[in-house]
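Asker: Next up is a structure, given as structure tokens.
The values are calculated or read from the model by the stated rules, or taken from the named source; none is laboratory data. Predicted, not measured: the structure shown is a model, and the values here were computed from it. Methodologically, a virtual Cβ is constructed for each residue, glycine included, from the backbone with ideal geometry; neighbour enumeration extends over all protein chains shown. All accessible areas refer to the heavy atoms of the entire protein, side chains included, with ligands and DNA or RNA removed. Shrake-Rupley method; radii C 1.70, N 1.55, O 1.52, S 1.80 Å.
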Amino acid sequence: MAAKDLDWGNIGFGYMETDYSYVSMYKDGKWDDGTLTKDHTVTMNECAGVLQYSQSCFEGLKAYRTEDGKIVTFRPDLNAQRMADSCERLEMPVFPVERFLKAVKEVVAANADWVPPYGSGATLYIRPYMFGYNSVIGVKPADEYMFRILVTPVGPYFKGGAKPVVVRIPDFDRAAPHGTGNIKAGLNYAMSLHPIMEAHREGFNENMYLDPATRTKIEETGGANIIFIKDGGKTLVTPKSDSILPSITRRSICYIAENVLGMNVEHREIFLSELENGEFEEMGLCGTAAVISPVGQVNDHGKVINIPAGMDDMGPATKKLYDTLTGIQMGKLPAPEGWIVEIPEK
């Protein structure tokens with residue numbers, strides 16, 4: 001297949017309709033066989049469960065070309081399992097892990113000419129999602145569900161490189177104890193929209209949420225896990241909480257830090273006082289879209305906490321983690337077994 005004639009370096013980070021999506025329906029207690037479709041619209045009853053009670057979950061991963069021209073994706077098995085966990089928590093039927101992986105391969109292969117060329121900085125973003133489909137008026141789970149995967153080419157999340165951002169500590173909580181903070185439910189992101197827009201209006205890039213019980217411990221942002229560096233770049237620290245979404249990027253970074261770069265890794269409760277007292281030299285936000293976004297400053301209701309790495313560039317340890325992870329993803333560096341999944345072109 002021939003690559004689309006696009007200005008790949010300037011396509012931006014937004015939705016662009018491609019050739020095929022994937023769709024499968026759950027009805028009468030079972031999933032159908034699923035199929036590729038050129039129809040990118042969804043038609044459903046006005047009383048559909050997702051419209052009334054927000055019964056939905058989603059995932060996000062990428063496909064990209066390596067230097068030798070192969071199309072690959074990164075640890076899709078973890079996305080499949082995390083979606084299964086989300087479905088179980090939301091009383092939705094699990095789309096089987098093996099079928100999830102097969103569907104991802106099918107839809108990416110069918111859209112192979114939308115996969116950006118190596119070195120362009122762009123990728124093919126893959127968005128699997130599921131929602132309650134049939135009409136539901138009483139508060140209960142739906143009986144029918146639609147599972148879909150859309151793909152869209154996206155440009156680099158940061159044009160011109162990832163520059164350190166400023167985050168604030170809001171008055172809002174991201175998730176409740178024993179709530180849904182540890183799954184990728186659409187409702188989690190809906191409740192974060194007002195706080196993030198308020199942050200933007202006040203000149204901040206993101207919100208850094210504290211634990212809702214004591215508001216003394218650091219958890220995550222509205223759309224990313226957080227990492228910290230200390231001990232002169234020798235130690236990586238990540239917050240531990242039952243309310244945090246288990247980021248695949250964060251778990252991969254922790255593995256690389258310990259097993260590739262020889263760093264110490266601590267996954268534990270992190271108190272805001274540690275950040276205030278200058279315990280950490282670098283700070284970053286990690287996720288699929290940006291990989292790692294460095295943080296240069298935290299604003300706590302007017303109290304400014306400067307991160308020693310500064311506001312100019314990504315800190316040296318964070319840069320090493322970023323370069324190693326992206327090197328593995330792009331095929332420049334050897335990958336741990338099972339991390340890189342090749343998708344044959346049709």
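Asker: Using only C-alpha atoms and all pairs of different ones, pull out the Kirkwood radius for the chain in Å with one decimal. Mind showing how you got there, number by number?
Answerer: Numbers: mean 1/r = 0.0473 Å⁻¹.
Mean inverse Cα-Cα distance, inverted, gives 21.1 Å.
Asker: In debye, nearest 20, what is the charge dipole magnitude of the chain about its Cα centre with +1 on Lys and Arg Cβ and -1 on Asp and Glu Cβ, if you could check?
Answerer: Working: 35 positive and 46 negative charges, 50 e Å.
With Lys and Arg at +1 and Asp and Glu at -1, about 240 debye.
Asker: Antiparallel as a % of all DSSP beta bridges within the stretch 220-297, to the nearest 5?
Answerer: Details: 12 of 17 bridges.
The answer is about 70 percent antiparallel.
Asker: Give me the mean projected area, in nm² to one decimal, of the convex hull enclosing the Cα positions of the stretch 303-346. Don't jump to the answer; show the numbers that get you there.
Answerer: On the way: hull surface 22.7 nm².
Here the figure is 5.7 nm², rounded to one decimal.
Asker: Next question. Can you give me the distance in nm between label points at A176 and L333, each placed 7 Å from the Cα along the Cα-to-Cβ direction?
Answerer: 4.2 nm
Asker: Can you give the FRET efficiency to the nearest 0.05 for T326 and D85, using r as the Cβ-Cβ distance and R₀ = 30 Å? Don't skip to the end; give the middle numbers.
Answerer: Working: r = 27 Å, r/R0 = 0.89.
Computed FRET efficiency for T326 and D85 comes out at 0.65.
Asker: Debye calculation, C-alpha points only, no solvent: report log10 I(q)/I(0) for the stretch 49-187 at q = 0.09, 0.14, 0.19 Å⁻¹, in the same order as the q values.
Answerer: Those come out to -0.36, -0.80, -1.12, one per q.
Asker: Still on this structure, please answer the following. How many percent of the accessible area of the chain is carbon or sulfur, using a 1.4 Å probe?
Answerer: Values: 7760 of 15630 Å².
Of all accessible area on the chain, carbon and sulfur atoms account for 50 percent.
Asker: I would also like to ask the following. When you take every Cα atom in the stretch 113-203, what is the radius of gyration, and what is Dmax, the widest Cα pair distance, in Å?
Answerer: 18.2, 51
Asker: Let me ask you something else. I'd like the accessible area for D28: 1.4 Å probe, protein heavy atoms, all chains in place, Å² to the nearest 10.
Answerer: Result for D28: roughly 130 Å² accessible.
Asker: Here is a follow-up. What per residue convex hull volume, in Å³, do the alpha-carbon atoms of the stretch 41-125 yield? Before the final figure, lay out the partial values.
Answerer: On the way: hull volume 10.3 nm³, N = 85.
Dividing the Cα hull volume of the stretch 41-125 by its residues yields 121 Å³.
Asker: Let me ask you something else. For Cα pairs less than 8 Å apart in space and 6+ apart in sequence, what is the mean separation divided by the residue count of the chain, i.e. the relative contact order in percent? Before the final figure, lay out the partial values.
Answerer: Numbers: 752 pairs, mean separation 68.0, N = 346.
Once normalised by length, the contact order is 20 percent.
Asker: Given the C-alpha centroids of the stretch 19-48 and the stretch 109-172, what is the distance between them in whole angstrom?
Answerer: Cα centres, the stretch 19-48 to the stretch 109-172: 17 Å.
Asker: Then there's this: With viscosity set to 0.692 mPa s at 37 °C, what whole-number translational diffusion coefficient in µm²/s follows for the stretch 186-286 from Stokes-Einstein and a Kirkwood radius over Cα pairs?
Answerer: Values: Rh = 14.4 Å.
Answer from the Stokes-Einstein relation: 228 µm²/s.
Asker: What list of whole percents do you get for P(r) of the stretch 258-346, with Cα-Cα distances grouped in 10 Å bins up to the one holding the largest distance?
Answerer: 14, 38, 30, 13, 4, 1
Asker: Turning to a different aspect of this structure: Compare G60, G203, G296 in a GNM of the chain, Cα atoms joined below 10 Å, and give the one with the largest fluctuation.
Answerer: Ranking G60, G203, G296 by mean-square fluctuation puts G203 first.
Asker: Another question, then. Can you tell me the alpha carbon radius of gyration of the stretch 153-240 divided by the globular rule-of-thumb value 2.2 N^0.38 Å? Intermediate results must be reported in sequence, preceding the final value.
Answerer: Numbers: Rg = 14.5 Å, N = 88, 2.2 N^0.38 = 12.1 Å.
Computed over Cα atoms of the stretch 153-240, the ratio equals 1.20.
Asker: Could you pull the accessible area for Y26 with a 1.4 Å probe, rounded to 10 Å²?
Answerer: Counting only protein heavy atoms, the figure is 40 Å².
Asker: Just the accessible area for S21, please: 1.4 Å probe, Å², rounded to the nearest 10?
Answerer: The accessible area comes out at roughly 10 Å².
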